[in-house]
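Take a look at the structure set out below.
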Amino acid sequence: MTHSAQHTPQHAIGSGFGAHSTTTDVLAGADLTGRLALVTGGYSGLGLETTRALAGAGARVVVPARRLDVARAAVAGLPGVEVDALDLADLDSVRAFADRFLATGRALDILVNSAGVMACPETRVGPGWEAQFATNHLGHYALVNRLWPALAAGGARVVSVSSRGHQLSAIRWDDPHFTRGYDKWQAYGQAKTANVLFAVHLDALGRDAGVRAFSLHPGEINTALVRHVSDEERVAAGWVDEQGNWSLDFKTPEQGAATQVWAATSPRLAGLGGVYCEDCDLAEPAAPGANGVVGGELDHDALTPGVRPHATDPEQAARLWALSAELTGVDAFAA
C-alpha cells in the first residue's frame, strides 16, 4: 500500500519546544476532556509521568499492568485512571486484555506504547523469543492490531517510545532472536529500531482510517529502565561520575515524558505521521554511522541526534510488519 503523496518529511517543524520542555509546557492550554488514552507501562518512569500529564489535562487513562498491585498504588489519586491486567511478553494476555477492552465498546483517541525493557540479561519468552524484541516490539505490535477497531473508531494517535538506542542495531533478519550469541545492547537496539519501523508502517496502513503513528527518543533519564545496567557501565557510558552523580545532561522525568505527550496531543502534528521525534519536535535524519556496540560494551559517543536510515526505510518497515504478523499470528490489515 503506497501513500507517497501523504508522506511526512523527517525534518523539524519548529515546534517552539525543546530538550528542557516539560509535560506541563507541551500541554499548556490543552483540554483532553472526553478523550480516552491507553499508556502501556503507565505506572512507572516515563509512562507514569505520561499518565499523570494526560489525566491532569482531563483525559481518561487506561493503564495496563503486569503488576496490578504496584500499578494501582502508583496511580492512586490520579483522576480518571483505571488499571487492567496485561503482560506484553504473553500473547494470550495481550489477547485477553484487548478482548476485555473492546467489549466496553469505547473508542481510543491515544495509545502510548511506553513499556519496555533495556539491556537485560539473555531472557527467552513465549516460543523462545528474545525478550527485548518480544516485549518492546512484538507485544505492542499484537496489542495495536488487536485494538485496531477501537483505534480506528477514535482516529487515534499511536505513539511508540523508541530511543537513540535504535542506532545500536538494525533488524537482524538472519537471527532476530539472537540464537547465535546474545548481545544485550544490540538486542536493545534492534527492539528500538523495531519501534520506529512499526510506526512507519502502521502510519502507512492506518492513515486512511485517520490513525496516525509516531515514534520518539525521550532523551536520557534516570528511571527504573536502567536497572540492568551495572555501575561500571553507567560510568563508562558517561551517565554517572565516579561518585555516582548523574549527568547534568539527563532530563527530569517530566522533561523525558514531554516528547511522547507532545506526539500524542500536539495540534501541530495534525495530518502528519510515520515520523520519529525528539526534544518535542520532529527529528532530523542522522547519517549512517557506527553502531555503538564494541565487544559487548556500549560506545555512547557513537550515538548521535536524529534518526538513522535503517529505522525509517519503508521497505524494512513492511518487512518487519510481515515478520511480526507471522510470529504473532495477528494482522488487523490482512486481506
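No value in this document is a laboratory result; all are computed from the given coordinates. These numbers come from a predicted model, not from an experiment. Glycine gets a Cβ as well: all are built from the backbone with ideal geometry, and neighbour counts include every protein chain shown.
List every residue whose amide H lies under 5 Å from the amide H of L86, counting only residues 5 or more places away in sequence or on a different chain, with H placed 1.01 Å from N in the peptide plane.
A65, R66
Can you quote the Å³ per residue value for the convex hull of the Cα atoms in region 34-103, rounded to an integer?
76
What's the extension gain from A96 to D174 if we count 0.36 nm per residue and subtract their Cα-Cα distance?
24.9 nm
With the contact rule set at Cα under 8 Å and sequence spacing of 6 or more, what percent relative contact order holds for the chain?
Here the relative contact order equals 22 percent.
Quick one: if you stick a label point 7 Å off each Cα along the C-beta vector at E284 and A28, how many nm between them?
2.5
Can you work out the Karplus-derived ³J(HN,Hα) for every residue in region 280-294? Use 6.51 cos²θ - 1.76 cosθ + 1.60 with θ = phi - 60°, whole Hz, and x for glycine or proline.
Along region 280-294, the couplings run 6, 7, 6, 7, 8, x, 9, 5, x, x, 4, 7, x, 10, 10 Hz.
Please list, in chain and number order, the residues 5+ apart from S160 or on another chain whose amide H is under 5 Å from its amide H, with Hs placed from the backbone.
Those lying under 5 Å, H to H, from S160 are N113, F214, S215, L216.
So what are the chain's ellipsoid semi-axes, whole angstrom, largest first, if each one is the square root of 5 times an eigenvalue of the alpha-carbon gyration tensor?
They are 26, 23, 21 Å, listed largest first.
Taking amide H positions as placed 1.01 Å from N in the peptide plane, with prolines and chain starts having none, which residues 5 or more places from V62, or on another chain, fall under 5 Å of its amide H?
Amide H to amide H, under 5 Å and 5 or more residues apart or across chains, V62 pairs with A37, L38, V39, E82.
Classify region 132-172: rounded, prolate or oblate, from the alpha-carbon gyration tensor (a ≥ b ≥ c, eigenvalue square roots; a/c under 1.5 rounded; otherwise prolate if a/b is larger than b/c)?
prolate
Say R0 is 30 Å: what FRET efficiency, to the nearest 0.05, do R124 and D84 get from their beta-carbon distance? Show your work: numbers first, answer last.
Values: r = 26 Å, r/R0 = 0.87.
Efficiency computed from Cβ-Cβ geometry: 0.70.
Within region 284-308, list the residues whose amide N lies under 13 Å from a label point set 7 Å along Cα→Cβ of A19.
Counting only backbone N, you get 304-306.
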